[in-house]
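The values are calculated or read from the model by the stated rules, or taken from the named source; none is laboratory data. Because the structure is a prediction, the values reported are computed rather than measured. Cβ placement follows ideal geometry from the backbone for every residue including glycine, while neighbour counts extend to all protein chains displayed.
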Amino acid sequence: MSAGSPYLANCGLRLDDEAVRVAVGMRLGLALCAPHSCPCGDQVDAQGFHAMVCKKASGRITKHRVLNNITWRSLGSASCCPAIKEPPGLVRQNGIRPDGLTLIPWQSGKSLAWDVTVVSPLPQSYVDRAATGVGMVAAGLF
């Protein structure tokens, strides 16, 4: 396994050889896999971009857990902000529970709740927007 960046390692993240191979292959536009059908029903091309946008991709859940753990540990390491993950009995109006909650009130007597969202860098809407001009995706995000 590659050592990776010391900054990533401090966050508990490491890039193994396979992750580096995929990252370099995607950057260079190389074939990374044999074309096949995804469990979601879509076709996957040789570049494998579909895995970056598929809602059934296993990596999305793993990334979500890692990011949620980093957020939770960061608040805990501040030593003034103990927090819990997946707080029971707390549900938003849309029926979804936040990923975490501070145990000590943050501001105006209210605790801080957080929700981690894993986004894909390659959804079709970004690709379409990028085709219209330089910097269009970034401009649309802010």
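Some observations on this one:
- Qualifying residue in the range 43-50 (condition: closer than 22 Å to residue 25 by Cα and either modelled with pLDDT under 80 or among the β-branched types (Val, Ile, Thr) (or both)): yes
- Looking only at the range 100-142, and only at residues there that are surrounded by 15 or more Cβ atoms within 10 Å (Cβ to Cβ), of a type in the set (Val, Ile, Thr) and at pLDDT 75 or above, the one that is farthest from residue 50 (Cα to Cα): 102
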